[in-house]
Each structure stands twice: as structure tokens, then as C-alpha cells.
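Trainee: If you scroll down you'll find the structure; I have some questions about it.
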Amino acid sequence: MKPIYKILLLLFIFQLSGCIEIVEEITFNADGSGSVRYTFNMERFVKNMAEMKNEEIDEEAKKKIGEGLDKLADSFIFYVKQVKGVTKLKAIKDYDNFTVGVSYNFKNVETLNKALTSPMKDKPSYVYVFKDNEITRKDYFEKDSIKEDEKIVEEEDDQFTKNLNAMTDSLMDFTYITIIHTPHKIKEYTLKDAILDEDSTTFTKTVKLVNLIKSDTNMDFTIRY
């Protein structure tokens, strides 16, 4: 691996480290249509970085951060608006809390899966399956390819790999939250440590990103209602 790529990769991981929260909230209607609210919250990350530098987040700093968040929000809109079956598409821009994202309605689960698939990938990391009284998420996160990439890097530069692994551990605070609202009360679900609300119509699962990458943890689940 060329030195410049190593530096860029290390910087990228460092920038992602810290308290960053992704929330994927999906509401399913009885006919399989529904709505999505997807947010990327960097509030704690920004505040932690300011504390590390012993700086205050003044209006000028908020403006600069807001410009970057604005581009991120616009990128969400750009990709999702190309999916047929998506309606009421809106950007979420809460700059006071350093949060951006997107919300929209989807016609059916096929539309949902297309909207959730990254345009940078040939196939989705996960998909949802909807049928009578049941919602399933199938995780296709390719851990084997990541391990293979790590092996190649390790063979090229063992010290770089050690530094990379050390910095990757800082992703422990990178949180991914999935919230599913069902049309009727949930009777059972398969994913451990998930939480139901008092009405048993909202399913919430929180996981650390590093656990998805480095362990056997996945987000496969089935909800029956």
C-alpha cells in the first residue's frame, strides 16, 4: 500500500472515531408501505473534538461545520430521489445539534431496499423482507472480504496494520440504532437484546459498529406481530 493511501485511511478512521450515532427508523404499514427517518448525529463527536483542542464552538465554527453537514444531507437526497416509489423526500438539517439525514415514504419493501442500498456498492449490505404479520432483515455485511483486505495489508506492512487496528478500536463509540414500528403488537422477535416499547409496536436494537466488523454479531432478525 502506498504511503499516501495509508495516511488517508488512518485519517479517515480517526475522523470517524468518537461518539457518532446513526439512527435508522422505519415505520411499516399493514400493506408493506411505510416511512423512513435516517439520521447521522455528530453532536457528541464535535463537542469532544472541541474539548480535546480546548476550543469553544462559536458561531463561526458552527457555520463551517454546518457547511459540511449541508453537503452530507444533500448527498442523501441526491441518491434517494433517484429511486422510484419514494415520495415526500425531505432533508433533515438540525445544525444546532449537528445532525443531518433524510426522511421519505416508500411504496413497498422493494422501494425501501433500493433506497437503503449505497450507490457505492454493487449489492446491498442488508435487505428487508415483508410478508403477512412478519418483517425480516437479512444482513449481507461482507466480513470475510474485510478480513481478506486486512490480511493483504498485514502482509505489506505489519506496523501499519498494528496502527490501523489500534485506531479502529476507537470506533467503539460509533453507534448504530435500528428502530422498527409495526402495524400491530409484536408477538415475538429473534434478535437478542432488542427492546420493545410499552405498546409492543416499536422494536429497537442498538449495536456498536466495531462489533459488527470484528465479531460474529449481525443484525439479522425476524419480527412477528
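The values are calculated or read from the model by the stated rules, or taken from the named source; none is laboratory data. Just so we're clear, the structure is a prediction, and the values are computed from it rather than from any experiment. Glycine also receives a Cβ, built like all others from the backbone with ideal geometry; neighbour counts cover every protein chain displayed.
Trainee: State all residues of region 28-64 that are under 30 Å from I180 (Cα atoms), modelled with pLDDT under 70 and basic (K, R); if no residue qualifies, say none.
Mentor: Of everything in region 28-64, those that are under 30 Å from I180 (Cα atoms), modelled with pLDDT under 70 and basic (K, R) turn out to be R44, K47.
Trainee: Under 6 Å between Cβ atoms, which residue pairs at least 6 apart in sequence (or on different chains) link something in region 13-35 that is within 30 Å of E110 (Cα to Cα) and crowded, with 18+ Cβ neighbours inside 10 Å with a partner that is at pLDDT 95 or above and of a type in the set (K, R)?
Mentor: E25/R37; S33/K107
Trainee: Let me ask something else about it. State all residues of region 52-107 that are small (G, A, S) and touching a residue at least 12 places away in the same chain (Cβ under 8 Å); if no residue qualifies, say none.
Mentor: G66, A73, G85, A91, G101, S103, listed by residue number.
Trainee: Quick test of your reading of the structure: T111 fulfils all but one of (1) modelled with pLDDT under 75; (2) farther than 30 Å from G66 by Cβ; (3) not aromatic (F, W, Y). Name the failing condition by number.
Mentor: (1)
Results for (1) surrounded by fewer than 15 Cβ atoms within 10 Å (Cβ to Cβ); (2) under 18 Å from the mean Cα position of the chain (by Cα); (3) at pLDDT 85 or above, shown as yes or no for each residue.
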{"residue": "I135", "(1), (2), (3)": "no, no, yes"}
{"residue": "H181", "(1), (2), (3)": "no, yes, yes"}
{"residue": "E188", "(1), (2), (3)": "yes, no, yes"}
{"residue": "K192", "(1), (2), (3)": "yes, no, no"}
{"residue": "L209", "(1), (2), (3)": "no, yes, no"}
{"residue": "Y225", "(1), (2), (3)": "no, no, yes"}
